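To start, the structure under review is shown below, and the notes come after it.
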Amino acid sequence: MKIRLLAILALLASAVTLGAALGLYSFKPPGPDILRVDSRPTAASVFLDQKFAGVTPLTLRGLARGPHHLRFARSGYRDKGVNVTIDHREHSVRVQLDPLPPTGVVLVQSDPSGAYAWIDGEGGLTTPARFTDVAEGVHQLKVEMPGWLSQEQAIEVRSAEETSLSVKLVSRKVSYFLEAIAREPQKLSNYTELGRIYFLEGEIDKVFEMLRRGFVTLALSGHPPDKGFRELLRLATNADPDLQSERWRQFLAEMRQGIQDVHPYSLALPYAFSLLARAEQWKEVADLSTRFLERDPRARPFYVWRMQARGRLGDTQGVAQDIQRLRDLGLISAQPVLIPSARGTNVPDLGWVSAMWAAALARVQLNDLAGADELIRPFESQTNVHYWTESIRGERWLRDRRGDPPKPWLEARRCTQPPAIDGRLDDPAWTSAARGHRFYHWLTDQPSQLGSVVLALYDEANLYLAMDFEETDPLRTRSRAQPQVVEALLADAHIELFVDARRDYQTYKQFMINSVGTQVNIDCIKPQRFDPLFEGNQAWNPLYQCGVQTDEKGWRLELALPFPIFDAPAPHPGDAWCFNLVRCEGGGGQNHASFVPVYGSYHQPERFALLLFHE
């Protein structure tokens, strides 16, 4: 019996062993398979093998035996991970979470935007950039952008606060010229180039800083001016056209202070006085002139400036005193002071011309028209030589406007609907425009044989001009290409339009346009009024509309010129500008036609016609 029982038990053991070997069933020792999870502090999220399992304290049951990963996460604390192996025993896991340091938010803006911002070498966000969870304390901010100098600075971040930063980037070009100015502070082109960069970046105050340093510090320290001064003045005027603005008042005040002790014959003074005149600071012009005359009583340019100022200020007695002083110096007389010219002929001395013109203009401004007539009458029959009298005659007529003007003129009538600028001249607006069709041969005062017409309109925004030119040999005079330089344009049929919007007979704009619409624009000034020489800034690039049409009979041109490009206030009915229009024959021809007689020289603003604005 006992032997039989042992045999049965052995058989059962063998069966169990064989079943297990064949995988028919498995043996699992008894146990609870429980995992208890807790944290300090509690309420931490628990992730088991990357899946959310619950919030501490937490009991997990029925877990698969083997290795597992737990991750604890709680706001304000660092995440913590724990590995655990589950078997038949009950397990417990408790972790201590470490608090995060206090953090804040950093907002970074840059000018220009689109730069890359880094905090302690991390981030690389594009501005405007927002950095969150930045640890409380001091960090290093870096902002960089291609073409601009990178900027680095220390920033302090406070817990639960937003720190806002604005970073102004400096272009590498600005840095280059700032270093160039430091090396060569007397080189004007550095100020001009930097002023141009600031203008393009909209940094108006810095444009004026370059003007101040370039004009007051450099030019008025004894260094002669050059075209860079005109460019700086142009940039400043375009940046702030209002010469009565605070920027201009401050600059002109510094300029007046800076020029008081310079040499009376400094080449910068004509620029300074011209600028004061444009700003209508006539009292300052008179006071400065008097200061220089006290130092040198024979410095005749300052009598000229003072007479102009006194005329504007209505100082009749002062004008009379200046005229008498200039008579004593021989600069006002019924006989011109002549000097030999390079051509071997005698021409009026510019000092005499300036004095006569200023004296006559002052009398016109004082409504002493008879006194003005007395000064110019001996020379009116010789306007080809004494062309300065033409501007006086025009100014005199503008005082009373009796009869027709004594010099060529064109009416600009106000339009309610602007014409289409396409070169066709068929817009209904032109039917109400006055027509100017009397042109002169450019070398004489004889009428031109070329058929030429000009019309003018205006509204609150633009001056509109239309021109119609007949041609006898279009194939010879016109170009088939668009020349890109002045010399090439001059060889083509083209127009040259001159506009003196301020009627100061010293500063004016020149527009050159050929029969295929190519443009060359020049900002002109005569540093010394009546001098044949002028300075022209060909970098001037005004924006305006232009339309051209050509056919076998000739060519037509329409322009819409915005008033701001003239650096002068927009006109009103009753105002007057000065202008001239020259149509030039191409193909090497010399049969040019001018709206006013110019006797071979276009740059004579004293001869320009009157452009009269009407309702």
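The values are calculated or read from the model by the stated rules, or taken from the named source; none is laboratory data. Note that this is a predicted model, so its numbers are computed, not measured. All Cβ positions, even for glycine, are placed from backbone atoms using ideal geometry, and neighbour counts span all protein chains on display. We work out accessible area using only protein heavy atoms, side chains counted, and drop any ligands, DNA or RNA first. Shrake-Rupley method; radii C 1.70, N 1.55, O 1.52, S 1.80 Å.
Details
- Taking first residues from segment 586-615 that are over 27 Å from V353 (Cα atoms) and partners that are open to solvent by 20 Å² or more (accessible area, probe 1.4 Å) and among the aliphatic types (A, V, I, L, M), the Cβ contacts under 7 Å between residues at least 6 apart in sequence or on separate chains come to G586/A491; N591/L450; A593/L450.
- Any hit, segment 152-162, residues being under 24 Å from the mean Cα position of the chain (by Cα), under 20 Å from W118 (Cα atoms) and open to solvent by less than 50 Å² (accessible area, probe 1.4 Å): no
- Residue check, T383 more than 27 Å from P348 (Cα to Cα), out of contact with any strand residue (DSSP E or B) (no Cβ under 9 Å at 6 or more places or on another chain) and open to solvent by 20 Å² or more (accessible area, probe 1.4 Å): no
- Yes/no for R78 being within 18 Å of L97 (Cα to Cα), modelled with pLDDT under 90 and open to solvent by 70 Å² or more (accessible area, probe 1.4 Å): yes
- Qualifying positions in segment 238-264 - polar (S, T, N, Q) and in contact with a helix residue (DSSP H, G or I) (Cβ under 9 Å, 6 or more places away or on another chain): N238, Q250, Q257, Q260
- Among (1) at pLDDT 95 or above; (2) surrounded by fewer than 18 Cβ atoms within 10 Å (Cβ to Cβ); (3) out of contact with any helix residue (DSSP H, G or I) (no Cβ under 9 Å at 6 or more places or on another chain), the one test that R402 misses: (1)
- Subset of segment 537-588 [touching a strand residue (DSSP E or B) at 6+ places or on another chain (Cβ under 8 Å), surrounded by fewer than 15 Cβ atoms within 10 Å (Cβ to Cβ) and charged (D, E, K, R)]: K553
- Scanning segment 500-539 for residues that are hydroxyl-bearing (S, T, Y) and at negative phi returns T507, Y508, S515, T518.
- Qualifying residues in segment 204-226 (those that are modelled with pLDDT of 90 or more and surrounded by fewer than 19 Cβ atoms within 10 Å (Cβ to Cβ)) - the one nearest to V262 (Cα to Cα): E209
- Test for H614: is it in contact with a Phe, Trp or Tyr (Cβ under 7 Å, 6 or more places away or on another chain) and either open to solvent by 10 Å² or more (accessible area, probe 1.4 Å) or small (G, A, S) (or both): no
- Residue within segment 339-350 that is more than 25 Å from N580 (Cβ to Cβ), charged (D, E, K, R) and crowded, with 18+ Cβ neighbours inside 10 Å present: no
- Selection from segment 281-314 of residues that are open to solvent by 60 Å² or more (accessible area, probe 1.4 Å), at pLDDT 90 or above and not in a helix (DSSP H, G or I): none
- Which numbered condition R363 misses (of (1) surrounded by 22 or more Cβ atoms within 10 Å (Cβ to Cβ); (2) in a loop (DSSP other than H, G, I, E, B)): (2)
- Filter result for the condition that a residue is within 30 Å of P102 (Cβ to Cβ) and at pLDDT below 90, over A154, A160: A160
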